[in-house]
1. For segment 230-270, which residues satisfy the criterion of being in contact (Cβ under 8 Å) with a residue 40 or more places away in the chain and either of a type outside the set (Val, Ile, Thr) or in the same structural domain as Ser152 (by TED's automatic domain parsing) (or both)?
2. Tell me, please, whether a residue that is at negative phi, under 26 Å from the mean Cα position of the chain (by Cα) and crowded, with 18+ Cβ neighbours inside 10 Å can be found in segment 214-230.
3. Within segment 191-199, identify whether any single residue is outside the structural domain of Asn280 (by TED's automatic domain parsing), surrounded by fewer than 16 Cβ atoms within 10 Å (Cβ to Cβ) and of a type in the set (S, T, N, Q), and answer yes or no.
4. Restricting to strands (runs of 3 or more DSSP E) lying wholly in segment 169-270: which have 1 or more residues that are basic (Lys, Arg) and at pLDDT below 90?
5. Kindly provide the set of residues from segment 112-133 that are over 19 Å from the mean Cα position of the chain (by Cα) and either over 23 Å from Ile91 (Cα atoms) or of a type in the set (Gly, Ala, Ser) (or both), ordered by number.
6. Can Gly124 be described as in contact (Cβ under 8 Å) with a residue 60 or more places away in the chain and in a loop (DSSP other than H, G, I, E, B)?
7. Return the total of residues in segment 203-232 being within 14 Å of Glu260 (Cα to Cα) and of a type in the set (Asp, Glu).
8. Do any residues in segment 153-166 that are closer than 20 Å to Val197 by Cα and assigned to a strand (DSSP E or B) have Cβ atoms under 8 Å from those of residues that are at pLDDT 95 or above and among the aromatic types (Phe, Trp, Tyr), where the two are at least six apart or on different chains, and which pairs are they?
Amino acid sequence: MDSQENIFSADIKLLESQIEEKLDLIQQENELEKVQEYKKEIADIITKKAQIAGELSPAGSYIKQLIDERATYLNQIENSSEEVYAPTSGIVSYRIDGLEKVLLPGDFSYLNMEFLENLNLKTGQIVASSNEMGKIINNFNCYIVVNLNSESAKVAEVGDSVTIRLSTLDEVDAEIVYIADEKDESKLIVFKINSCVEKLTSYRKISVDVIWWQDTGLRVPNEAIFYENDIAYVTRTKGGYLDKIWVKILRTNGDYSIVENYTTNELKELGIEETSSKKNISIYDEVLVK
C-alpha cells in the first residue's frame, strides 16, 4: 500500500468515527429538528467516505458496500427514534423538576408557607433540562406565590391589580387570584401574570418586589409635615433661614408621605398669596421635624 492509500485509509477511519459520534448524539436527543440535522450530517459524511473509497477500489467494487452501510445507519436512526404526540398543542419545554404534578394552578387552597418551605427550593436555581421527559405549555399565565406582612397586603383583596418587579427588573401587571392567612398573621398571596413569562420558565423560586401603588414625588417623614388651615407644609432650613413651603400630599403611610410642590395657581385657589418669589422643596433639602 502506498502513502496515498494510507492517507485515504486514515480519512475513512476518521469519517467512520464521526458517524459513530453522530449516532451516539441521536440516541441522547429528543428534539426532532436536531435528529433531522444529525441525519443530514451522517448522509454527508457517508458521501465523503464513498468518494474516498472509490479512489481506493476498482470501479463499483466498494460502492455497493457503502450503500448498504448507509442503509444500515439510517435504519439505526429510525429504530432509535420515537415520535410522541401530545394530547394538546403548545410550546414544548424539557425543563422538568418533578414538581409539575405538585404545584398545580386552579385551586390554591393546598398552599401555605410550611408546604412551600418543605420543597427546599433555592432562589434563582435553574431547572435542569431532561433528555427523557418534556411538558407542554399551552398558555402564557404564570402564578407567583408571595408571603407578605405589610399593611397593603393585609387589606388586599382577590381581584386587585398591582405591579410586580421581577428579578429581571421587568415590571409587569399582576392580578391577585388567591389570599390565605398564615399562622403568624402574614398573608400568602398568589399573583397571576401573563407578561415576561418566557423569562421565568427556567426557575421555580425567584425574588420579586410587589408595588402596591406608584406616585412620583419626594419622600418626607410624617414628623416633618405641619398643617395650617388643613393645608400641609414643611419648614425648610437653609443657610440659617427657615422657609415655610406648602406641599401637596400624594400618598401617605404610617412613616412617610410622598409630596410635591404646589403650582402658583394652585396656591391662589387655596387662598394663599406668596409675598415673595415662590419657594419649592427639592431633593436633599433639610426640613425640621416635630
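1. Once the filter is applied, which keeps residues that are in contact (Cβ under 8 Å) with a residue 40 or more places away in the chain and either of a type outside the set (Val, Ile, Thr) or in the same structural domain as Ser152 (by TED's automatic domain parsing) (or both), segment 230-270 yields Arg236, Lys238, Leu242, Asn253, Gly254, Glu260.
2. Looking through segment 214-230, none of the residues is at negative phi, under 26 Å from the mean Cα position of the chain (by Cα) and crowded, with 18+ Cβ neighbours inside 10 Å.
3. Yes, the conditions are met somewhere in segment 191-199.
4. By residue number, 231-238, 241-252.
5. Those that are over 19 Å from the mean Cα position of the chain (by Cα) and either over 23 Å from Ile91 (Cα atoms) or of a type in the set (Gly, Ala, Ser) (or both): Asn112, Met113, Glu114, Phe115, Leu116, Glu117, Asn118, Leu119, Asn120, Ser130.
6. It is true that Gly124 is in contact (Cβ under 8 Å) with a residue 60 or more places away in the chain and in a loop (DSSP other than H, G, I, E, B).
7. Qualifying residue count for the region: 1.
8. Partner pairs satisfying both residue conditions: Val162/Phe191; Ile164/Phe191.
The values are calculated or read from the model by the stated rules, or taken from the named source; none is laboratory data. Quick caveat, the model's predicted, so the values are computed rather than measured. Every residue, glycine among them, receives a Cβ derived from its backbone with ideal geometry; neighbour counts consider all protein chains shown.
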